[in-house]
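Okay, so here's the structure we're looking at.
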Amino acid sequence: MSAAWLYPIILIAGALQAWGPPMNGALRKSLTNPWLASTVSFLPILALLIVLFLCMPRPLPTVEGVTTMRWWAPLGGLVGSFAVITGLLFVDKIGAGPFAGLTITANILMSLAVDHFGMFGIQQHSLNMWRVLGGALMTGGIVLIAMF
């Protein structure tokens, strides 16, 4: 079965991610305290996930799954929160375009490294000329966006 049907959903999710930093920046301005704003930003997510879990509690993890879990596996949310907090603090200083461009370009470049080395249990995809060119074009694009 082809995963092509997932692409529009992923594109919509990516487009919606551009809204997050400006929305969080406005929240920080309104609440003044960036840590309170971060907390308020995450509360609806936590509430949604609790409701979803209560509505669909299965499957539950197995003891083997929990005991063999890598130490870093539960830290993905913490890593993601860094991006949210960074946007909340800095998007209004550089603009949504440069912020998103820098974030996405850094994400692409790091993802190329994750793929190349097969980090975090991801299937290994070696760097090649086309992947390096894509990363270079992303980098060139963000330089243009940030400069102009």
Flagged in the range 122-133 as exposed (fewer than 13 other Cβ atoms within 10 Å of the Cβ) and either touching a helix residue (DSSP H, G or I) at 6+ places or on another chain (Cβ under 9 Å) or assigned to a loop (DSSP other than H, G, I, E, B) (or both), in numbering order, are Ile122, Gln123, Gln124, Ser126, Asn128, Val132
From (1) surrounded by 14 or more Cβ atoms within 10 Å (Cβ to Cβ); (2) over 30 Å from Leu36 (Cβ atoms); (3) under 16 Å from the mean Cα position of the chain (by Cα), pick out the condition that doesn't hold for Thr103. (2)
Hey, does the range 59-78 have a residue that's of a type in the set (S, T, N, Q) and in contact (Cβ under 8 Å) with a residue 24 or more places away in the chain? no
Mind counting the residues in the range 87-117 that are of a type in the set (D, E, K, R) and without any contact (Cβ under 8 Å) to a residue 40 or more places away in the chain? 2
Using beta carbons and a limit of 7 Å, which pairs, at least six apart or on different chains, have the first residue in the range 118-140 and under 12 Å from Ile108 (Cβ atoms) and the second one of a type in the set (A, V, I, L, M, F, W, C) and assigned to a helix (DSSP H, G or I)? Arg131/Leu112; Gly135/Ile108; Gly135/Leu109; Gly135/Leu112; Met138/Ile108
Looking at the structure I just gave you, is Pro34 out of contact with any strand residue (DSSP E or B) (no Cβ under 6 Å at 6 or more places or on another chain), surrounded by 10 or more Cβ atoms within 10 Å (Cβ to Cβ) and of a type outside the set (A, V, I, L, M, F, W, C)? yes
What pairs come out if I take residues in the range 1-15 that are farther than 22 Å from Ala100 by Cα and in contact (Cβ under 8 Å) with a residue 60 or more places away in the chain and pair them with residues that are surrounded by 10 or more Cβ atoms within 10 Å (Cβ to Cβ) and aromatic (Phe, Trp, Tyr) whose C-beta lies under 8 Å away, six or more apart or interchain? none
Residue ranges of helices (runs of 4 or more DSSP H) in the range 6-62 with at least 3 members of a type outside the set (D, E, K, R) and in contact with a helix residue (DSSP H, G or I) (Cβ under 6 Å, 6 or more places away or on another chain): 20-31, 34-55
Over the range 95-148, the set of residues farther than 24 Å from Pro21 by Cβ and aromatic (Phe, Trp, Tyr) is Phe117, Phe120, Trp130
In the range 50-108, anything closer than 30 Å to Val132 by Cβ and among the small types (Gly, Ala, Ser) is listed as Ala73, Gly76, Gly80, Ala83, Gly87, Gly95, Ala96, Gly97, Ala100, Gly101, Ala106
Complete set of residues in the range 108-118 that are surrounded by fewer than 13 Cβ atoms within 10 Å (Cβ to Cβ) and either assigned to a helix (DSSP H, G or I) or at negative phi (or both): Met110, Ala113
Unique residue being among the aliphatic types (A, V, I, L, M), at pLDDT below 95 and either under 24 Å from Ile10 (Cβ atoms) or exposed (fewer than 15 other Cβ atoms within 10 Å of the Cβ) (or both) when the list is Val79, Val63: Val79
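The values are calculated or read from the model by the stated rules, or taken from the named source; none is laboratory data. Remember, predicted model here, so these are calculated numbers, not experimental data. Cβ sites come from the backbone with ideal geometry, for glycine too, and all protein chains shown count toward neighbours.
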